[in-house]
Amino acid sequence: MGWFDWMRRGNGADPRLEQWRKDWAAACLAPSAGQAEGLRDRLGEFGAGDERYEIEQEMLEGLEAVVELSAAVSASGLRPIVTGHRVVGLDRCFFSAPASLPDDPAQPSGTFLLTEARAIFVGGSRALTVPWHSVARCLRQDRDLVLVRTSQADMHRLRCNSFADALRAAFLVGEVTNRRL
């Protein structure tokens, strides 16, 4: 896709695509294989393999990844992963992915980890640790995960490299904080 194609796409919004994105966002709230399959079929009608829908394809792959994770957690509970990061300590770790801190002036890249007790970012010149008891809300915005502290005056935005990582992280935050492992 050329530069001008991208600009033209933004100016003449396709109502079918806008509806697809709304339906995708709704499906992310309660992911199911049926919804993912329906969205895949509709995206295929727009043009299978068309590079104009590369972002939507990534969004769909993210939804499918969280559907798979949700099914695995429903079947056998949260499964810890093995990580060599010292910052995890004795906590059980459930998620590890590359991420960055877009609001930090240095915009460091590093690793985003979710444990039973906290969210951790290790990268650049500093580490960020947010214990779950201090998190009031977790919001997902595209590839970003926003952890809002209980004081409401402090929040941390972590940018994942893919929709799949962001959706899985948001799902796991919900599981860990609701179950208080």
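The values are calculated or read from the model by the stated rules, or taken from the named source; none is laboratory data. No experiment lies behind these values; they were computed from the predicted model shown. Cβ: placed from backbone, ideal geometry, glycine included. Neighbour counts: every protein chain shown.
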Here, strands (runs of 3 or more DSSP E) confined to the range 126-167 with at least 1 residues that are touching a Lys or Arg at 6+ places or on another chain (Cβ under 6 Å) are 126-131, 144-149, 155-160
Being among the basic types (Lys, Arg) and more than 27 Å from PRO31 (Cβ to Cβ) narrows ARG159, ARG140, ARG126 down to just ARG126
Qualifying residue in the range 56-64 (condition: hydrophobic (A, V, I, L, M, F, W, C), in contact with a helix residue (DSSP H, G or I) (Cβ under 6 Å, 6 or more places away or on another chain) and either touching a residue at least 40 places away in the same chain (Cβ under 8 Å) or over 30 Å from LEU114 (Cα atoms) (or both)): yes
Of the listed residues (GLY84, GLY110), the one being of a type outside the set (A, V, I, L, M, F, W, C) and assigned to a strand (DSSP E or B) is GLY110
Of ALA119, ALA65, the only residue that is outside any strand (DSSP E or B) and in contact with a Leu (Cβ under 8 Å, 6 or more places away or on another chain) is ALA65
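Let's see how each residue does on (1) modelled with pLDDT of 95 or more; (2) touching a His at 6+ places or on another chain (Cβ under 9 Å); (3) under 19 Å from CYS160 (Cβ atoms):
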{"site": "ASP41", "(1), (2), (3)": "no, no, no"}
{"site": "GLU61", "(1), (2), (3)": "yes, no, yes"}
{"site": "VAL67", "(1), (2), (3)": "yes, no, yes"}
{"site": "GLY77", "(1), (2), (3)": "no, no, no"}
{"site": "THR83", "(1), (2), (3)": "no, no, yes"}
{"site": "ARG86", "(1), (2), (3)": "no, no, no"}
Residue hits (the range 76-135; surrounded by 17 or more Cβ atoms within 10 Å (Cβ to Cβ), more than 17 Å from ALA170 (Cα to Cα) and under 19 Å from the mean Cα position of the chain (by Cα)) are PRO108, GLY110, VAL122, GLY123, LEU128
Going residue by residue through the range 161-171, is there one that turns out to be aromatic (Phe, Trp, Tyr), at pLDDT 90 or above and in contact with a helix residue (DSSP H, G or I) (Cβ under 6 Å, 6 or more places away or on another chain)? yes
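For (1) more than 30 Å from TRP20 (Cα to Cα); (2) assigned by TED's automatic domain parsing to the domain that holds SER32, each residue gets a yes or a no:
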| residue | (1), (2) |
| --- | --- |
| GLU61 | no, yes |
| ALA106 | yes, no |
| ALA119 | yes, no |
| GLY124 | yes, no |
| ALA127 | yes, no |
| TRP132 | yes, no |
| ARG137 | no, no |
| VAL146 | no, no |
Scanning the range 37-63 for residues that are of a type in the set (Gly, Ala, Ser), farther than 23 Å from ALA97 by Cα and surrounded by 19 or more Cβ atoms within 10 Å (Cβ to Cβ) gives none
